[in-house]
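Below is one structure, written out as structure tokens, with a few remarks after it.
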Amino acid sequence: MHRRLVIGYSVTAAALAACPFLLGPYWLDVLNNVGLYVLLALSLNLILGDAGLFNMGHAAFYAVGAYTAAILNTRLQIPILWLLPASGLVAAVFAIAVARPVVHLRGDYLLIVTIGLGEIVRIALVNDVFGLTGGANGIFGISRPSVLGHRIRRPDEFFWLIWACVAATAFLFHRLEQSRFGRALTYLREDTVAAEGSGIPTARYRLLAFGLGAAWAGMTGTLYAAKMTIISPESFGFWESVVLFLMVILGGAGSIPGVAVGAALVVGLPELFRGFANARMLVFGLVMMVMMVVRPQGLLPFRTPRYKASDLKAAFGSEGAGEPAAPGAPGSGIAP
């Protein structure tokens, strides 16, 4: 990991660790909401930023995870945190099932399909499918999470749970970016035809990206259900998907720090300007417009790797030579 990135993560972690001792319950609850949206934005970034797939229905996977956890918890009395793997698995299976017929679509066409997917899930929840979702009223009485026998209730207790999940997610996704799977997703984003020509099974990797991103959104839905103890279809509407899309684009698609910053700005700035209730959304919209004109690549965009001359020498197999061997020369590795 780059040295500056390690320093940035360390400073951010230290600042966040001090927040429970410096802030009141209201602002801690705002930070908890920021943490949930950072998790959601990172899960969407895997699909939109890393794989380059336009997904405007990400709230559907979020809803599937939240409702899976809520139904199992209220009907079978299973502890809510035990349901994190189950909600992630159900959301991933659902995402792969619905994405399989449309995974070959690109750009605006895929975007329109995912918008329809999000609305289908929302309407199904409102219509109380199989009598499980509670209709427009949603599901009540979801139990609070417990860790080592301690029931989490206060905002400062949720703070440690949510931001621990954010830290673990950032670490795992960073490692994923450095893996063969992560590099394959980058190739898909940059040039699908070239990726296919390199032997990458593009359809399979797209489905895996959808499944993994949906799994993380589903687990975030479980945390949301545990925090609120009540969920309803209106919490997973089209606007949620739009906001998540905005976070990824504003922060910098493909960049983990950028997406986290984008989520913090989109969720935190309206709260900071809550005193200007009549003008805060106008100012917020104006800032977004200026950003898209001045810096369309995002606040902290993804940086492509840069290589030194020594790396090129090693790649060409020159042993101590001042310059790489000429094409066709012995040891150059390149045909004339």
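What follows draws every value from the coordinates through simple rules; no lab data is involved. Remember, predicted model here, so these are calculated numbers, not experimental data. Glycine also receives a Cβ, built like all others from the backbone with ideal geometry; neighbour counts cover every protein chain displayed.
Give, rounded to the nearest 20 debye, the magnitude of the charge dipole that the chain has about its Cα centre when Lys and Arg contribute +1 at Cβ and Asp and Glu contribute -1 at Cβ.
400 debye
Around residue 231, which amide H atoms from residues at least 5 apart in sequence, or from another chain, sit under 5 Å from its own amide H, with H modelled in the peptide plane?
Those qualifying (amide H under 5 Å, at least 5 residues apart or on another chain) are 139.
Arrange 239, 216, 163 by Cβ neighbour counts within 10 Å, fewest through most, would you? Mind dumping the intermediate values first?
Values: 239 10, 216 28, 163 21.
Fewest-to-most Cβ neighbours within 10 Å comes out as 239, 163, 216.
Would you mind ranking 165, 19 by Cβ crowding within 10 Å, fewest neighbours first?
19, 165
Could you tell me what a quarter of the Cα convex hull surface of the stretch 1-95 works out to, in nm² with one decimal place?
On the way: hull surface 34.6 nm².
Orientation-averaged projected area of the Cα hull: 8.6 nm².
Give me the percent relative contact order of the chain, please, defined on Cα pairs under 8 angstrom at least 6 residues apart. All intermediate terms of the calculation are to be shown ahead of the outcome.
Working: 498 pairs, mean separation 93.0, N = 336.
Across the chain, relative contact order equals 28 percent.
Calculate one ³J(HN,Hα) per residue across the stretch 178-190 by plugging θ = phi - 60° into the Karplus curve 6.51 cos²θ - 1.76 cosθ + 1.60, and present them in order as whole Hz with x for glycine and proline.
Couplings: 7, 7, 5, 4, x, 5, 5, 5, 5, 4, 4, 5, 6 Hz.
Round to a whole angstrom and tell me the spacing of the C-alpha centers of the stretch 52-113 and the stretch 181-217.
18 Å
What per residue convex hull volume, in Å³, do the alpha-carbon atoms of the chain yield?
Taking only Cα atoms, the chain has a hull volume of 174 Å³ per residue.
Amide H of residue 254 versus every other amide H placed in the peptide plane: which residues, excluding those fewer than 5 positions away on the same chain, fall under 5 Å?
Counting only residues 5 or more places away or on other chains, the set is 49, 50.
Which residues in the stretch 64-95 place their backbone N less than 20 Å from a point set 7 Å from the Cα of residue 175 along the Cα-to-Cβ direction?
84-86, 88-89
Pop out the ³J(HN,Hα) list for the stretch 8-15 in order, Karplus 6.51 cos²θ - 1.76 cosθ + 1.60 with θ = phi - 60°, rounded to Hz; leave Gly and Pro as x.
Whole-Hz 3J(HN,Hα) from phi for the stretch 8-15: x, 5, 5, 5, 4, 5, 5, 5.
At 222 nm, what value in deg cm²/dmol follows for the chain if DSSP H runs of at least 4 each add -39500 (n - 2.57) and the sum is divided by all its residues, to the nearest 500?
The per-residue figure over the chain is -21500 deg cm²/dmol.
Tell me the angle of helix 238-251 to the major Cα principal axis of the chain, expressed in degrees between 0 and 90 and rounded to the nearest ten.
Between helix and principal axis, roughly 40 degrees.
Can you sort 133, 114 by how many other beta carbons sit within 10 Å, fewest first?
In order of increasing Cβ crowding within 10 Å: 133, 114.
As I understand it, the value is the acute angle between the Cα axis of helix 107-126 and the longest principal axis of the Cα atoms of the chain; what does it come to in degrees, rounded to 10?
Helix 107-126 sits at roughly 20 degrees to that axis.
Which of rounded, prolate, oblate describes the stretch 93-215, given a ≥ b ≥ c as roots of the alpha-carbon gyration tensor eigenvalues and a/c under 1.5 marking rounded, otherwise prolate only if a/b is larger than b/c?
oblate
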